[in-house]
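Take a look at the structure set out below.
The values are calculated or read from the model by the stated rules, or taken from the named source; none is laboratory data. The shown structure was predicted, so the numbers you read here are calculated from the model rather than taken from an experiment. Glycine gets a Cβ as well: all are built from the backbone with ideal geometry, and neighbour counts include every protein chain shown.
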Amino acid sequence: MTQPIDAMDDGSDTFAETDEEARLREEARLNLRSFGELQVDSFAVSEAHGFHDNDDFERFALRLLEGAGVRPSSTAREALQVLVSGVGPVWEELQVTKRLLLIVSEISEAFEELRVGHKVSEEYESETKPGKPEGIPSELADAVIRIADLVEAHGGRGATNLGHTMAVKQRYNESRARMHGKRF
């Protein structure tokens with residue numbers, strides 16, 4: 001049995017979807033909703049491993065002072081507050097930029113896997129780090145984890161649910177013209 005799908009906005013003919021395809025589509029939507037849980041978990045793991053130690057400029061500056069053996073006085077703390085009020089927003093942008101570039105680095109690592117001849121579906125264990133998964137799927141997983149971490153860290157903890165956003169975006173994309181009106 002098939003279920004009709006509304007005609008695409010580009011005027012193309014209506015097509016039919018099997019019950020199995022409909023079930024898989026709904027399953028995918030449910031998985032996208034649970035992506036929000038991955039987002040929270042990704043942040044928690046990266047925070048536990050020190051990837052957010054420098055997110056807050058004031059804490060970062062205090063750690064630098066303490067590391068240099070300087071115990072800031074109340075006057076120094078007040079001066080630091082003035083500095084934080086000016087530097088804080090720029091610092092936040094730098095942290096987001098750093099995380100975006102880390103996402104790009106994971107995509108680059110996936111590209112390198114392809115360049116050396118690995119297939120997209122090929123997963124293997126590192127020869128130098130036992131238990132460490134390697135391959136394009138592993139690098140893409142790292143990119144998704146970093147994306148989820150970025151959204152949770154800088155989108156306001158729990159304020160942005162990437163799974164929900166992905167489901168909304170997918171529904172919108174389903175309404176778009178074939179290949180979004182582009183050649184590729």
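Among Arg146, Arg171, Arg157, which is the only one that is free of Cβ contacts under 8 Å to residues at least 12 places away in the same chain and either assigned to a helix (DSSP H, G or I) or within 19 Å of Gly50 (Cα to Cα) (or both)?
So the residue among Arg146, Arg171, Arg157 that is free of Cβ contacts under 8 Å to residues at least 12 places away in the same chain and either assigned to a helix (DSSP H, G or I) or within 19 Å of Gly50 (Cα to Cα) (or both) is Arg171.
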Notebook entry, point to check: Quick one: is Asp6 part of a loop (DSSP other than H, G, I, E, B), at pLDDT below 80, exposed (fewer than 13 other Cβ atoms within 10 Å of the Cβ) and in contact with a helix residue (DSSP H, G or I) (Cβ under 7 Å, 6 or more places away or on another chain)?
Noted result: no
Check: Within the stretch 130-142, can you find the residues that are buried (at least 19 other Cβ atoms within 10 Å of the Cβ) and in contact (Cβ under 8 Å) with a residue 24 or more places away in the chain?
Finding: Ile136, Glu139
Check: Any idea which of Leu150, Leu162 is modelled with pLDDT under 85, surrounded by 12 or more Cβ atoms within 10 Å (Cβ to Cβ) and closer than 14 Å to Gln39 by Cβ?
Finding: Leu162
Check: Quick one: would you say Ser121 is over 18 Å from Glu47 (Cα atoms), surrounded by 14 or more Cβ atoms within 10 Å (Cβ to Cβ) and without any contact (Cβ under 8 Å) to a residue 24 or more places away in the chain?
Finding: no
Next item on the list: Filter the stretch 174-184 down to the residues that are loosely packed, with under 10 Cβ neighbours inside 10 Å and not in a helix (DSSP H, G or I), then identify the one that is nearest to the chain's Cα centre (by Cα).
Entry: Phe184
Checklist line | Residue ID - nearest to Glu109 (Cα to Cα), chosen from residues in the stretch 129-143 that are of a type in the set (D, E, K, R) and assigned to a loop (DSSP other than H, G, I, E, B) | finding: Lys132
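Can you confirm whether Glu66 is modelled with pLDDT under 95 and touching a Pro at 6+ places or on another chain (Cβ under 9 Å)?
Considered against the rule, which asks whether it is modelled with pLDDT under 95 and touching a Pro at 6+ places or on another chain (Cβ under 9 Å), Glu66 comes out as yes.
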Margin query: If I filter the stretch 60-68 for residues that are in contact with a Leu (Cβ under 8 Å, 6 or more places away or on another chain) and assigned to a loop (DSSP other than H, G, I, E, B), do I get at least one hit?
Written below: no
Note to self: Here is a list: Val90, Val96, Val45, Val40. Which entry is on the phi < 0 side of the Ramachandran plot, at pLDDT 80 or above and exposed (fewer than 11 other Cβ atoms within 10 Å of the Cβ)?
What the structure shows: Val90
Check: Does Val120 satisfy being touching a Leu at 6+ places or on another chain (Cβ under 9 Å) and outside any helix (DSSP H, G or I)?
Finding: yes
Margin query: Let me spell it out: the conditions are (1) in contact with a strand residue (DSSP E or B) (Cβ under 8 Å, 6 or more places away or on another chain); (2) modelled with pLDDT under 75; (3) among the charged types (D, E, K, R), and Glu27 meets all of them except one. Which number is the exception?
Written below: (1)
